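The values are calculated or read from the model by the stated rules, or taken from the named source; none is laboratory data. From a predicted model like this one, the values you see are computed outputs, not experimental measurements. Here Cβ is always computed from backbone atoms with ideal geometry, including for glycine, and neighbour counts include all displayed protein chains. With ligands, DNA and RNA removed, areas are computed over all heavy atoms of the protein, side chains included. Shrake-Rupley method; radii C 1.70, N 1.55, O 1.52, S 1.80 Å.
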Amino acid sequence: VQLQASGGGLVQAGGFLRLSCAASGRTFSNYAIGWCRQAPGKERKFVAAITGDGDRTFYADSVKGRFAISRDNFKDTVYLQMNTLKPEDTAVYYCAADRVLYDILDETKAKAYWGQGTLVTVSS
């Protein structure tokens, strides 16, 4: 699976962005998709995930209620709608794919595929 993340940019605190993760190469619906982020000088952290069929979603406590993950299996794309952005959301955001959901949820686990990352900068 090849993953292409896009949609990052510069936004003021309180604003919103929508990230996209477009996939190609395999049966998209077989893969759970997750978003992780890495702030400067910090480790990569789990943000959100969605099952292959889109029925279940998962969020880190820090983004719950502000971010929403969704997918369109006809377009082979996963979205991360990010609302009420805060300066601490500033990071490079990566999407990842794996057949095993728990490997997506556990940030210590290796993932089968990663996208290249998209930078989100939230100014105060």
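Residue pairs whose Cβ atoms lie under 7 Å apart, sitting 6 or more positions apart in sequence or on different chains, and linking a residue in segment 97-111 that is over 13 Å from Ala48 (Cα atoms) to a partner that is open to solvent by 30 Å² or more (accessible area, probe 1.4 Å) and of a type in the set (S, T, N, Q), are Arg99/Asn30. Close Cβ contacts (under 9 Å, 6 or more residues apart or on different chains) running from residues in segment 77-96 that are assigned to a strand (DSSP E or B) to residues that are among the acidic types (Asp, Glu) comprise Val78/Asp72; Tyr79/Asp72; Met82/Asp89; Ala96/Asp103. Within segment 84-113, restricting attention to residues that are aliphatic (A, V, I, L, M) and farther than 22 Å from Ala68 by Cβ, which residue is modelled with the highest pLDDT? Here the residue is Val100.
Scanning segment 108-120 for residues that are within 30 Å of Ala13 (Cα to Cα) and surrounded by 15 or more Cβ atoms within 10 Å (Cβ to Cβ) returns Trp114, Gly115, Gly117, Thr118, Val120. If I filter segment 74-95 for residues that are touching a strand residue (DSSP E or B) at 6+ places or on another chain (Cβ under 7 Å) and basic (Lys, Arg), do I get at least one hit? Yes - at least one qualifying residue is present in segment 74-95.
Could you tell me how many of the residues in segment 54-67 are within 18 Å of Val100 (Cα to Cα) and surrounded by 15 or more Cβ atoms within 10 Å (Cβ to Cβ)?
Of the residues in that region, 3 qualify.
Residues that are open to solvent by 30 Å² or more (accessible area, probe 1.4 Å), touching a helix residue (DSSP H, G or I) at 6+ places or on another chain (Cβ under 9 Å) and in a loop (DSSP other than H, G, I, E, B) within segment 16-53 comprise just one, Asp53.
Which of the residues belonging to segment 80-106 are out of contact with any Leu (no Cβ under 7 Å at 6 or more places or on another chain) and either farther than 26 Å from Leu10 by Cα or among the aromatic types (Phe, Trp, Tyr) (or both)? Of everything in segment 80-106, those that are out of contact with any Leu (no Cβ under 7 Å at 6 or more places or on another chain) and either farther than 26 Å from Leu10 by Cα or among the aromatic types (Phe, Trp, Tyr) (or both) turn out to be Tyr94, Asp98, Arg99, Val100, Leu101, Tyr102, Asp103, Ile104, Leu105, Asp106.
The residue that is surrounded by the most Cβ atoms within 10 Å (Cβ to Cβ), among those in segment 68-101 that are among the hydroxyl-bearing types (Ser, Thr, Tyr) and farther than 21 Å from Ala22 by Cα, is Thr90.
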